[in-house]
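Colleague: Below are the structure tokens for one structure; questions will follow.
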Amino acid sequence: MPHPYVLLSAAVSLDGYLDDTGPDRLLLSGPADFDRVDEVRASVDAILIGAGTIRADNPRLLVNSEARRAARVAAGKPPYPLKVTVSGSGDLDPSANFWHTGGEKLVCTTDKGAERARSLGLAADVVSLGPELDWHRLLEHLHEERGVDRLMVEGGGRVHTQLLQQGLADELQLVLAPLFVGTPDAPRLFGPGSYQAGRLRLVESRRIEDVVLMRYEPTAPGTGLHPSPADRHWLSLACELATRCPPSQTAFSVGAVVVAADGTELARGHSREVGDPVVHAEEAALAKIDPADPRLATATVYTSLEPCTRRASRPFPCARLILDAGVRRVVTAWREPDTFVAGADGTGLLTGAGVDVVVLGEYEGRAKAPNRHLL
């Protein structure tokens, strides 16, 4: 099921700490960056923090700018985003600022934690995610039941770590402050464990007074049938490539990208590229890769349209080319209609051969856009 866009936001010292061990909160950035955070808060549907952050920092999580609140209302939104906290135990302080400021509040917890949280008389909805905390279920609930399309996560480090390790973060906004903490017992941003492979993509870097904002996106594809945030990026690129195709009345415009498991782009292609009137996108991309490249076995092919199973212009359809290349995972936006081939079922051919096929239907509109004249 679809998830919201998950944006992780944090400020850290040069040695990676979120705070020191003193009684007061360590301010890592200044007024200009606080205003930037306020702007980001105003742009999202919900803000999430862990229960530990409520206990440690007692935050309000408000949109402080009156103009930004007014803009939200003018757009048909509440003045403040939904505030969400996550607690396995349900052990929450009813006097915390979190409950007494801003708009609606939501507690996501376990079956046992829900009993505890409901007994506190909190001014919040309480939702149980089952016997254990389940981030997938939490994100599905926010999207399907609460209408959350964009979620800002402000901590703490344990929450950020879990979302990154489970491949659920679409973006990391990290502010680096010019100071050291140096205290081993102070809270760090990220904990130990297994993270997704590959380097993150630097989207933006910006100086804000004496701190630096860095925005990163993950690049590593998902595994199996579980889509990752990077899957959305690469499929979006495939849809963009489809718009570069020379127009045709007899063939679809399709884009394709082949990506290694560590997030390295191996090749890209689009229909009818370099003057070939019959080349398909997946065919064009795979032709640029050495067939002996060992990375193909764990690569993902992203294609804006389901790979074809029959064609008159070449000996082998794209689904067969993918199988012959040894690729075991395909992500697509759109199942092939009967416009040119009745009963096309590239997904069936691929899955029957053991390939994992993920369809991200939220990209169907973009994939269809350059093909409207054919539909």
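Each value in this text was obtained by applying a stated rule to the coordinates, not by laboratory testing. It should be emphasised that the depicted structure is a prediction, and the values quoted were computed from it without experimental measurement. A quick note on method: Cβ atoms are made from the backbone with ideal geometry, for glycine too, and the neighbour counts reach across all protein chains shown.
Colleague: Before rounding to the nearest 500, sum -39500 (n - 2.57) across all DSSP H runs of length at least 4 in the chain and divide by the residue total; then give [θ] at 222 nm in deg cm²/dmol. Walk me through the intermediate numbers first.
Modeller: Working: 12 runs with 102 residues, N = 375.
Helices in the chain give a 222 nm mean residue ellipticity of -7500 deg cm²/dmol.
Colleague: Separate question: Which FRET efficiency, nearest 0.05, do S194 and K288 yield, Cβ-Cβ r, R0 25 Å? Working shown, then result.
Modeller: Values: r = 32 Å, r/R0 = 1.27.
For R0 = 25 Å, the calculated efficiency reads 0.20.
Colleague: In nm, to one decimal, how far is the modelled label at R150 from the one at D345, with both set 7 Å along Cα→Cβ?
Modeller: Placing both labels 7 Å beyond Cα along the Cβ direction yields 4.2 nm.
Colleague: How large, in Å, is region 218-375 by the Kirkwood hydrodynamic radius built from its alpha-carbon pairs? The partial results should precede the final answer.
Modeller: Details: mean 1/r = 0.0664 Å⁻¹.
Over region 218-375, the inverse of the mean reciprocal pair distance is 15.0 Å.
Colleague: Could you give the length gained on full extension between S65 and D324, defined as 0.36 nm per residue of separation minus the Cα-Cα distance, in nm?
Modeller: Working: separation 259, 0.36 × 259 = 93.24 nm, distance 5.70 nm.
Value of the extension gain: 87.5 nm.
Colleague: Related question: Step through the residues of region 165-178 one at a time and calculate ³J(HN,Hα) from phi using the Karplus curve (6.51 cos²θ - 1.76 cosθ + 1.60, θ = phi - 60°), rounding each to whole Hz and writing x for Gly and Pro.
Modeller: Those phi angles translate into 5, 8, x, 10, 9, 7, 7, 10, 9, 10, 9, 9, 9, x Hz.
Colleague: Short version: ³J(HN,Hα) in whole Hz for each residue of region 24-29, in order, from phi by Karplus 6.51 cos²θ - 1.76 cosθ + 1.60 (θ = phi - 60°), x for Gly and Pro, what are they?
Modeller: Whole-Hz 3J(HN,Hα) from phi for region 24-29: 9, 5, 7, 7, 8, 10.
Colleague: Pull up the DSSP beta bridges for the chain and report the antiparallel fraction as a percent, rounded to 5. Walk me through the numbers before you get to the answer.
Modeller: Numbers: 23 of 57 bridges.
Bridges in the chain are about 40 percent antiparallel.
Colleague: Give, in whole angstrom and from largest to smallest, the semi-axes √(5λ) of the equivalent ellipsoid of the chain, with λ running over the eigenvalues of the Cα gyration tensor.
Modeller: Numbers: eigenvalues 376, 97, 80 Å².
For the chain, the semi-axes come out at 43, 22, 20 Å.
Colleague: While we're looking at this one, here's another question. Amide H to amide H, which residues 5 or more places from L179 or on other chains are under 5 Å from it, using H placed in the peptide plane?
Modeller: Long-range HN contacts for L179: L14.
Colleague: List the GluC sites (Glu not before Pro) within region 79-135 that DSSP assigns to loop and that have no more than 15 neighbouring Cβ atoms inside 10 Å. Can you show the working numbers first?
Modeller: Details: sites: E104, E115, E132; in loops: E104, E132.
Passing both the DSSP loop test and the Cβ count: E104, E132.
Colleague: May I ask you to order 36-49, 286-299 by the average number of other C-beta atoms within 10 Å around their residues, highest value first? Each step should come with its number before you reach the end.
Modeller: Values: 36-49: 19.6, 286-299: 14.7.
With the highest mean Cβ count within 10 Å placed first, the list reads 36-49, 286-299.
Colleague: Give, rounded to the nearest 20 debye, the magnitude of the charge dipole that the chain has about its Cα centre when Lys and Arg contribute +1 at Cβ and Asp and Glu contribute -1 at Cβ. Show your work: numbers first, answer last.
Modeller: Values: 40 positive and 49 negative charges, 142 e Å.
Approximately 680 debye in magnitude.
Colleague: Please give me the summed charge of the neighbours of F98: other residues whose Cβ is under 11 Å from its Cβ, Lys and Arg +1, Asp and Glu -1.
Modeller: Working: positive: R55, R60, K83, K105; negative: D57, D93.
Charge balance in the 11 Å sphere: +2.
Colleague: For the pair A369 and S95, what calculated FRET efficiency results from E = 1/(1 + (r/R0)^6), where r is the Cβ-Cβ distance and R0 = 45 Å, to the nearest 0.05?
Modeller: It comes out at approximately 0.30.
Colleague: A further question follows. Grab the Cα-Cα distance for D276 and D185, subtract it from 0.36 nm times how many residues apart they are, and report the gain in nm with one decimal.
Modeller: Working: separation 91, 0.36 × 91 = 32.76 nm, distance 6.22 nm.
Taking 0.36 nm per residue and subtracting the Cα distance, the gain is 26.5 nm.
Colleague: Around G343, under 10 Å between beta carbons, what's the net of Lys plus Arg minus Asp minus Glu among the other residues? Present the calculation step by step, with values, prior to reporting the outcome.
Modeller: Values: positive: R310; negative: E336, D338, D345.
That sum, taken over residues with Cβ under 10 Å, equals -2.
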